[in-house]
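Data first, discussion second: the structure below is written as structure tokens.
The values are calculated or read from the model by the stated rules, or taken from the named source; none is laboratory data. Not measured: the values here are computed from a predicted model. Methodologically, a virtual Cβ is constructed for each residue, glycine included, from the backbone with ideal geometry; neighbour enumeration extends over all protein chains shown. We work out accessible area using only protein heavy atoms, side chains counted, and drop any ligands, DNA or RNA first. Shrake-Rupley method; radii C 1.70, N 1.55, O 1.52, S 1.80 Å.
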Amino acid sequence: MNLLKLHHQHNHYHSKFSSISGNSSPHSSFSAPRFIFFPTHKPTFFPLTLHCSLETFKQKNVRASTAKTQIWSDKEEENSEDSAEYEYLAPDGVVYKKTLRLVEGAMFAAVSGLAYLLSNSLAVENYFGCFFALPIVVSSMRWGVAAGRKTMVATVVLLFVLSGPVKALNYMLMHGLLGFTMGSLWRLRTSWGASIFLCAFARAVGALGYVILSSFLIGENILALITINIHASLSYILTSLGSPIVPSMNFIYTLFGTLLLINCAFFVSLLHLLYAIFLTKFGMKANLKLPRWLAIAI
């Protein structure tokens, strides 16, 4: 850059010198001396003065403080959102509990449905029939009456897909209604007397529904055949005893219903004992309302 400046100054002084010489000879331009002038004084630097008033300084401080507070509030919001997400995923969070309830209900439905399908296919239903209602009872005890109902419906739908509507209806009538009734009553901490009576009634209704469904499928009135055979047997016994009494059909129907309720009551009582022992071993004794003699024995 200095060389370019010197060259520019040389051309400038040369043009001035040539204009002053006028009509001199052409050789005079070559004989004229060329001088380079450098400045001898030092350049003066003027300090840059900043004229800032107190009000502008305060405004800048206020803007900086508001920016800092906004950044801090944004960070606090992000931290609160992260903490909320962690709370949702915590064992006591709402999302975690809903997910656990859904997963457990699906697992209970799959276990009960597959167990019923395999036992029915292998003809061992009479040996393992007492355990088919247990998953519905456990689901109701852990997550409420709605969870037990959903488990029963999911099991019926699974059996409907795997083996058709007949086995699905048979499971719902013989085991699903009983498990849902027992689980609901135990969840509400009902006494064992009322629970056994209501569960026996639900089992009897399911058994009658099973008989009616079987009668529709085979084209025979099985219920009428049962009552006719009971009437014939009772008439034969009274005749052999020398009694002239002939029982009516209304009496036969009443006797059939009473015997059915007694049979279901004995079965449900055994299920109460068995399920109480199982749930106690599973660590759910605090949720059970056991009789005093059974609590002492366990």
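On the basis of being loosely packed, with under 15 Cβ neighbours inside 10 Å and of a type in the set (Phe, Trp, Tyr), does residue 267 make the cut?
no
Criterion first (crowded, with 18+ Cβ neighbours inside 10 Å, in a helix (DSSP H, G or I) and free of Cβ contacts under 8 Å to residues at least 40 places away in the same chain) does residue 172 satisfy it?
yes
Residue 295 - would you say it is surrounded by 15 or more Cβ atoms within 10 Å (Cβ to Cβ) and either of a type in the set (A, V, I, L, M) or in a helix (DSSP H, G or I) (or both)? Before you say what the answer is, go through the steps one by one.
Numbers: surrounded by 15 or more Cβ atoms within 10 Å (Cβ to Cβ): no; either of a type in the set (A, V, I, L, M) or in a helix (DSSP H, G or I) (or both): yes.
When the stated conditions are applied, residue 295 does not pass them.
Report whether or not residue 181 is in contact (Cβ under 8 Å) with a residue 60 or more places away in the chain, among the hydroxyl-bearing types (Ser, Thr, Tyr) and open to solvent by less than 40 Å² (accessible area, probe 1.4 Å).
Numbers: in contact (Cβ under 8 Å) with a residue 60 or more places away in the chain: no; among the hydroxyl-bearing types (Ser, Thr, Tyr): yes; open to solvent by less than 40 Å² (accessible area, probe 1.4 Å): yes.
Judged against the criteria, residue 181 is not a match.
Would you mind finding the one in 216, 197, 180, 201 that is of a type outside the set (Lys, Arg) and in contact with a Gly (Cβ under 6 Å, 6 or more places away or on another chain)?
180
What number of residues within the stretch 136-169 satisfy the criterion of being in a helix (DSSP H, G or I), within 18 Å of the chain's Cα centre (by Cα) and either more than 19 Å from residue 111 (Cβ to Cβ) or charged (D, E, K, R) (or both)?
5
Quick one: what pairs do we get from the stretch 219-236, first residue without any contact (Cβ under 8 Å) to a residue 60 or more places away in the chain, second not hydrophobic (A, V, I, L, M, F, W, C) and not in a helix (DSSP H, G or I), C-beta under 6 Å, 6+ apart or different chains?
Note: pairs meeting the criteria are 234/247.
Yes or no: the stretch 244-262 includes at least one residue that is open to solvent by 30 Å² or more (accessible area, probe 1.4 Å), closer than 16 Å to residue 134 by Cβ and not polar (S, T, N, Q).
Checked against the condition, which is being open to solvent by 30 Å² or more (accessible area, probe 1.4 Å), closer than 16 Å to residue 134 by Cβ and not polar (S, T, N, Q), the stretch 244-262 yields no hits at all.
Taking the condition of being assigned to a helix (DSSP H, G or I) and either among the polar types (S, T, N, Q) or open to solvent by less than 60 Å² (accessible area, probe 1.4 Å) (or both), how many residues in the stretch 233-243 meet it?
6
Just checking, which of 295, 200 is within 19 Å of residue 179 (Cα to Cα) and of a type in the set (Gly, Ala, Ser)?
Only one candidate qualifies: 200.
Test each condition in (1) of a type in the set (Lys, Arg); (2) surrounded by fewer than 16 Cβ atoms within 10 Å (Cβ to Cβ); (3) in a helix (DSSP H, G or I) for residue 189 and report the one that comes out false.
Failed condition: (3).
Of the residues that make up the stretch 126-133, is at least one open to solvent by 10 Å² or more (accessible area, probe 1.4 Å) and over 32 Å from the mean Cα position of the chain (by Cα)?
For the stretch 126-133, residues open to solvent by 10 Å² or more (accessible area, probe 1.4 Å) and over 32 Å from the mean Cα position of the chain (by Cα): present.
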